[in-house]
Each structure stands twice: as structure tokens, then as C-alpha cells.
Amino acid sequence: MNILFQLSGSIACYKACTVVSRLVQAGHTVQCVATESALKFIGAATLEGLSGRALLTETFAPGRWMEHIELNRWADISVLCPATANRLNKMASGVADDLLGNLWLTHDFAKPLFVAPAMNTRMWTHPVTQESVQKLESLGVTILRPDAGNLACGDVGEGRLMEPDAILRAILA
Ligand SMILES: Cc1cc2nc3c(=O)[nH]c(=O)nc-3n(C[C@H](O)[C@H](O)[C@H](O)COP(=O)(O)O)c2cc1C
């Protein structure tokens, strides 16, 4: 399968690397796309090394002006993991001010899109975030709901990225 794997800026990016690695090991072709914030948490070299393909981050990269449309044509499924609160709320409003935003607005709804949020409990339970999640679900997006437990910020509650094995089971089912 061709898998378009998108990462946004959460501390859980390091766990998403395990998901990318396992997908590649399972024989899938994985194209990673990361936001600028995601690259504050992990390096491009990690994603390129794991996927064996150049990482994409920019809407206006020279020579790749139709990437946001081509990638959705190419992909059999798309995964956004981890999904930040910022990203969920931008998606719900249709903001397309970066490559991920453009990919979302050119998403082919005939194909599956899995979104795995990861964030602080307050961000996750914020009414705006919850409304965005409901809106995305109503549009046919599969939300891989976060687990409850210890969070990087020291809080305990809902917001932990779903465990990589569970994400793999969900997207490969
Ligand atoms: C140390 C640190 C950890 C963060 N972890 C998260 C997180 O897990 N989830 C989240 O929604 N935002 C988190 N943020 C905030 C996002 O990185 C920020 O909202 C950013 O603008 C998201 O951009 P993006 O959605 O374009 O990737 C974190 C910020 C910092 C400084």
C-alpha cells in the first residue's frame, strides 16, 4: 500500500517513528510529510532513514508545485500521527496555510484518513478541540482516540498518543 504519513508538532513524534518503521517493515511504501513544528521534535534524517524517501515539508518547494494534489492521488491511505490540537482545529476550519493544510483540502474522501491526536488533557478536552473532532468524524475521518495515562507535561489524563501497535492494527485492519 502507498501510505501518506503526516506528522504535526507533538512530543509524541518519536512514537510515530515506530509506526513509520513498522509500516515499512510490513512492506508498505511510506511517504512522510511533516510540519515545521514536527521537525522541532524529530529530525528529517530520522523520517528519511526510516521511510527511505525524501521528507516533504513545504507547499512551495521548487519543482514540486502540485505535490499537495499528487500525493493524495498517489496514496491509498493517509495517516496524521501525531495530530496536534492546532492541526485538528485548523482542519475543522479548512485552513490551508501549509502543506498539511493543503493536503487536507485536497483529500479524496473515497480513501481512508486516520488521525491520531496527542496532546495535553486540557487541549484535548477543550470545547473547541472536541467540536473539531466531532466535525472531522462527521466528515468520515477516523479518529484514533488518545489513551489516558501519564502525559509528558506531568499531568495524568486523556491525551496520550494511542500505542503504536494499536495504531498499526487500526490502520492495517
Ligand atoms: C515541548 C512541547 C511539546 C508540545 N506537545 C504538543 C502535543 O503533544 N500536542 C499538541 O497539540 N501540541 C503540542 N505542542 C504545541 C504545538 O507544537 C504547537 O501548537 C504548534 O504550533 C503545532 O504546529 P503544527 O500543528 O503545525 O505542527 C507542544 C509544544 C512544545 C513546546
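The values are calculated or read from the model by the stated rules, or taken from the named source; none is laboratory data. Computed from a predicted structure; not experimentally measured. Because the Cβ atoms are built from the backbone with ideal geometry, glycine has one as well, and the counts that use them run over all protein chains shown. In case anyone asks, the SASA skips ligands and DNA or RNA and just uses the protein heavy atoms, side chains included. Shrake-Rupley method; radii C 1.70, N 1.55, O 1.52, S 1.80 Å.
Test each condition in (1) under 22 Å from LYS15 (Cα atoms); (2) away from the ligand (no atom under 16 Å from the Cβ); (3) in contact with a strand residue (DSSP E or B) (Cβ under 7 Å, 6 or more places away or on another chain); (4) open to solvent by 40 Å² or more (accessible area, probe 1.4 Å) for GLN31 and report the one that comes out false.
Evaluating GLN31 over (1) under 22 Å from LYS15 (Cα atoms); (2) away from the ligand (no atom under 16 Å from the Cβ); (3) in contact with a strand residue (DSSP E or B) (Cβ under 7 Å, 6 or more places away or on another chain); (4) open to solvent by 40 Å² or more (accessible area, probe 1.4 Å) leaves (4) as the failure.
Take the residues in region 67-105 that are more than 27 Å from GLY27 (Cα to Cα) and not in a helix (DSSP H, G or I); name whichever of them is most open to solvent (accessible area, probe 1.4 Å).
Start the filter on region 67-105 by keeping residues that are more than 27 Å from GLY27 (Cα to Cα), which leaves 84-98, 101-102, 105.
Going one step further and asking which of them are not in a helix (DSSP H, G or I), we end up with 84, 94-98.
Numbers: THR84: 19, GLY94: 28, VAL95: 56, ALA96: 41, ASP97: 103, ASP98: 36 Å².
Taking the candidates together, the pick is ASP97.
Kindly indicate which of ARG122, ARG160 is within 15 Å of SER10 (Cβ to Cβ), open to solvent by 80 Å² or more (accessible area, probe 1.4 Å) and among the charged types (D, E, K, R). Outline the logic, then answer.
Numbers: ARG160 fails: open to solvent by 80 Å² or more (accessible area, probe 1.4 Å).
That would be ARG122, the only listed residue that is within 15 Å of SER10 (Cβ to Cβ), open to solvent by 80 Å² or more (accessible area, probe 1.4 Å) and among the charged types (D, E, K, R).
Just checking, how many residues over region 54-113 are charged (D, E, K, R), touching a residue at least 40 places away in the same chain (Cβ under 8 Å) and either more than 16 Å from the ligand (Cβ to nearest atom) or touching a Phe, Trp or Tyr at 6+ places or on another chain (Cβ under 6 Å) (or both)?
Taking region 54-113 and keeping what is charged (D, E, K, R), we get 58, 64, 67, 70, 73, 76, 87, 90, 97-98, 108, 111.
Still in the list and also touching a residue at least 40 places away in the same chain (Cβ under 8 Å): 58, 76, 87, 98.
Subset that is either more than 16 Å from the ligand (Cβ to nearest atom) or touching a Phe, Trp or Tyr at 6+ places or on another chain (Cβ under 6 Å) (or both): 76.
Final tally of qualifying residues: 1.
Assess whether LEU47 counts as being of a type in the set (A, V, I, L, M) and either more than 19 Å from MET119 (Cα to Cα) or in contact with a strand residue (DSSP E or B) (Cβ under 8 Å, 6 or more places away or on another chain) (or both). It would help to see each step written out before you state the result.
Details: of a type in the set (A, V, I, L, M): yes; either more than 19 Å from MET119 (Cα to Cα) or in contact with a strand residue (DSSP E or B) (Cβ under 8 Å, 6 or more places away or on another chain) (or both): yes.
For LEU47, the condition - of a type in the set (A, V, I, L, M) and either more than 19 Å from MET119 (Cα to Cα) or in contact with a strand residue (DSSP E or B) (Cβ under 8 Å, 6 or more places away or on another chain) (or both) - is met.
Which residue is least open to solvent (accessible area, probe 1.4 Å), if the candidates are limited to region 36-59 and must be out of contact with any Leu (no Cβ under 7 Å at 6 or more places or on another chain) and in a helix (DSSP H, G or I)?
Here is the first cut: in region 36-59, the residues out of contact with any Leu (no Cβ under 7 Å at 6 or more places or on another chain) are 36-37, 39-43, 45-46, 49-54.
The next check asks that each one be in a helix (DSSP H, G or I); those that pass are 39-41, 45-46, 49-51.
Details: LEU39: 64, LYS40: 171, PHE41: 98, ALA45: 80, THR46: 63, GLY49: 62, LEU50: 55, SER51: 17 Å².
Per the stated criteria, the residue is SER51.
Filter region 147-173 down to residues that are in contact with a helix residue (DSSP H, G or I) (Cβ under 6 Å, 6 or more places away or on another chain) and more than 17 Å from ILE3 (Cβ to Cβ) and give me whichever is modelled with the lowest pLDDT. Working first, answer last.
Restricting attention to region 147-173, the residues satisfying the condition of being in contact with a helix residue (DSSP H, G or I) (Cβ under 6 Å, 6 or more places away or on another chain) are 155, 157-159, 161, 164, 167-168.
Still in the list and also more than 17 Å from ILE3 (Cβ to Cβ): 155, 157-159, 161.
Working: ASP155: 80, GLY157: 85, GLU158: 89, GLY159: 94, LEU161: 97.
Per the criteria, the residue is ASP155.
Out of SER37, SER10, I need the residue that is within 16 Å of the ligand (Cβ to nearest atom), of a type outside the set (A, V, I, L, M) and touching a strand residue (DSSP E or B) at 6+ places or on another chain (Cβ under 6 Å). Which one?
Values: SER37 fails: touching a strand residue (DSSP E or B) at 6+ places or on another chain (Cβ under 6 Å).
Only one candidate qualifies: SER10.
Please indicate, with yes or no, whether at least one residue in region 144-152 is among the small types (Gly, Ala, Ser) and open to solvent by 70 Å² or more (accessible area, probe 1.4 Å). Give the steps one after another, and end with the answer.
Residues of region 144-152 that are among the small types (Gly, Ala, Ser), as a first pass: 148-149, 152.
If we keep only those that are open to solvent by 70 Å² or more (accessible area, probe 1.4 Å) as well, we get 148, 152.
So far as region 144-152 goes, yes, one or more of its residues are among the small types (Gly, Ala, Ser) and open to solvent by 70 Å² or more (accessible area, probe 1.4 Å).
Could you say which residue among THR59, THR18, THR35 is in contact with a Gly (Cβ under 9 Å, 6 or more places away or on another chain), at pLDDT 95 or above and among the β-branched types (Val, Ile, Thr)?
On the way: THR59 fails: at pLDDT 95 or above; THR18 fails: in contact with a Gly (Cβ under 9 Å, 6 or more places away or on another chain).
Being in contact with a Gly (Cβ under 9 Å, 6 or more places away or on another chain), at pLDDT 95 or above and among the β-branched types (Val, Ile, Thr) holds for just one of THR59, THR18, THR35, which is THR35.
Which residues, counting only those in region 136-153, are in contact with a Lys or Arg (Cβ under 7 Å, 6 or more places away or on another chain) and farther than 23 Å from ALA173 by Cβ?
Answer for region 136-153, where residues must be in contact with a Lys or Arg (Cβ under 7 Å, 6 or more places away or on another chain) and farther than 23 Å from ALA173 by Cβ: GLY149, LEU151.
Could you give every pair whose Cβ atoms fall below 6 Å, whose first residue belongs to region 10-35 and is in a loop (DSSP other than H, G, I, E, B), and whose second residue is away from the ligand (no atom under 15 Å from the Cβ), counting only separations of at least 6 or pairs across chains?
HIS28/MET1; HIS28/ILE3
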